[in-house]
Amino acid sequence: MLYSKLFPKTIKEAPADEVAVNAKLLLRGGFIDKLMAGSYSLLPLGKRIERKIEQIVREEMNDTGAEEILMPLLHPKSVWNETGRWDKADEVMYKLEKQDKEFALSFTHEEIFLDLIRKHINSYKDLPIMLYHFSTKFRSELRAKSGILRGREFLMKDLYSAHTSQEDLDNYYEKVKETYLKVFKRFGLSSVVTEAAGGVFTDNVTHEFQVVAETGEDEIIYCPGGDFSQNMEIIKEPEKLEGKQCDLGHGPLQKVKAIEVGNIFRFGTAYSEKMNVSFVNDKGEKQYVYLGSYGIGITRMIGVLAEVFHDDRGLIWPESVAPFQFHLIGIGESGAEEVYKKLTEKGFEVLYDDRDIGAGEKFADADLIGIPTRLVVSPKTGAGKVEVKKRNEEKTEIVSFEKLFV
């Protein structure tokens, strides 16, 4: 990709009303554009990252046995009334009326999933069912001041599963839990499985996946050794936990700020009973399905990575989700065009800054955009050689062009 053709270019300053690190860097780098509070467009660079995040999640969801679908975003009131959440979720749900009928914009899809499968199951032989999709969610967020970490409109992967028993649900729940840890590890993140309250989703204890970060909006008390973590919102007497020695000898429990990157829920038969989603078991008896729900915010993940991976010069994208593999800069009569041609012919993703501007401005933009590896071709590097610098390192190295492919 020629940077001269890429829309848009970097900007010097983020809007004054943006306070979150992710928003400032993503806006300045040309990854997103703000329409209004809590609503952002993904620009070409941001969309490239979103696609890579989505593909990693897709691969891991498929490995759990789940199948990908796409469910509607506009929901009739009647479906939400079946579980009672039309009124219970009133604070977070966007509602509208058209032609004397009431609808909601999706903030989650448990009811829609259950309505879908009850049309297609009869026997226990039809279960389990595991379906996921990537779709837009709408939530009436009162605190939309955290960039794309907390949007009113955002892209999410939600997975739903229906089972014949609590045991089967529990087994799949644990499988997804381990899969989520793997997903976040592929993003370069170390996540902590944390007990939390279910809010408008369920009265049961749920699990969040938290990443420790100074800029996080959540607070957790956890054991760095990995055997205990709870969200502060569900702890009745946190003063008795903070500093307490871990039962397994890992040291004192710590209270830290964290960013939620995913969550999973077990509903049991609570919603399926209300919606009459049932099957006939192997004894010929009617039984209600056991429901699980599992979410990862896709656009939110872009914000998380920006919050965690940056320095005072700009973003530092992990290789697994970076918009390009190489950021190529040519200085003077360097032959950079030929290097760009050879790299792209070999299948590498390259952003080539071909603009007729000073080297300093090109280097500053490269640091802000945060592609993992910067390549510089100039008269100083010599024929057939390239200066290589990793975005997360200070050292540079002159290597032969062929060595880039070793």
Report task. Six or more apart or on different chains, Cβ under 9 Å: which pairs go from a residue in segment 216-234 that's outside the structural domain of Q254 (by TED's automatic domain parsing) to one that's at pLDDT below 95 and polar (S, T, N, Q)? Could you list them? Result -> none
Query - Residues satisfying the stated conditions in segment 60-99, i.e. out of contact with any strand residue (DSSP E or B) (no Cβ under 8 Å at 6 or more places or on another chain), under 21 Å from Y271 (Cβ atoms) and outside any helix (DSSP H, G or I) - result: P72, G84, A89, D90, E91, V92
Report summary line: Only one of (1) basic (K, R); (2) within 30 Å of Y124 (Cβ to Cβ); (3) touching a residue at least 24 places away in the same chain (Cβ under 8 Å) does not apply to K286, and that is (3)
Requested in this report: From E214, E239, E219, grab the single residue that is closer than 25 Å to A306 by Cβ and loosely packed, with under 14 Cβ neighbours inside 10 Å.
Outcome: E214
Query raised in the report: What number goes with the only condition from (1) under 26 Å from M71 (Cβ atoms); (2) surrounded by fewer than 18 Cβ atoms within 10 Å (Cβ to Cβ); (3) charged (D, E, K, R) that R143 does not pass?
Result: (1)
Report summary line: Residue pairs qualifying under the 8 Å Cβ cut-off, at least six apart or on distinct chains, with the first in segment 389-406 being in contact (Cβ under 8 Å) with a residue 60 or more places away in the chain and the second being loosely packed, with under 12 Cβ neighbours inside 10 Å and not in a loop (DSSP other than H, G, I, E, B), are none
Query raised in the report: Being modelled with pLDDT of 95 or more, in contact with a His (Cβ under 8 Å, 6 or more places away or on another chain) and closer than 29 Å to T164 by Cα, is that true of even one residue in segment 81-97?
Result: no
Query raised in the report: Do you know which residues across segment 1-52 are surrounded by fewer than 18 Cβ atoms within 10 Å (Cβ to Cβ), small (G, A, S) and within 25 Å of E214 (Cα to Cα)?
Result: A16, A37, S39
Report summary line: Those residues of segment 1-23 which are over 27 Å from Y340 (Cβ atoms) and either acidic (D, E) or in contact (Cβ under 8 Å) with a residue 12 or more places away in the chain (or both) amount to E13, A14, P15, D17, E18, V19, A20, V21, N22, A23
Query raised in the report: Out of curiosity, is E102 surrounded by 16 or more Cβ atoms within 10 Å (Cβ to Cβ) and either in contact with a helix residue (DSSP H, G or I) (Cβ under 9 Å, 6 or more places away or on another chain) or part of a loop (DSSP other than H, G, I, E, B) (or both)?
Result: no
**Report entry** Within segment 322-359, tally of residues that are part of a loop (DSSP other than H, G, I, E, B) and under 17 Å from M1 (Cα atoms)
**Finding:** 12
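The values are calculated or read from the model by the stated rules, or taken from the named source; none is laboratory data. Treat the numbers as computed from the prediction; the structure is a model and nothing was measured. Using ideal geometry, Cβ is built from the backbone for each residue, glycine included, and neighbour counts are taken over all protein chains shown.
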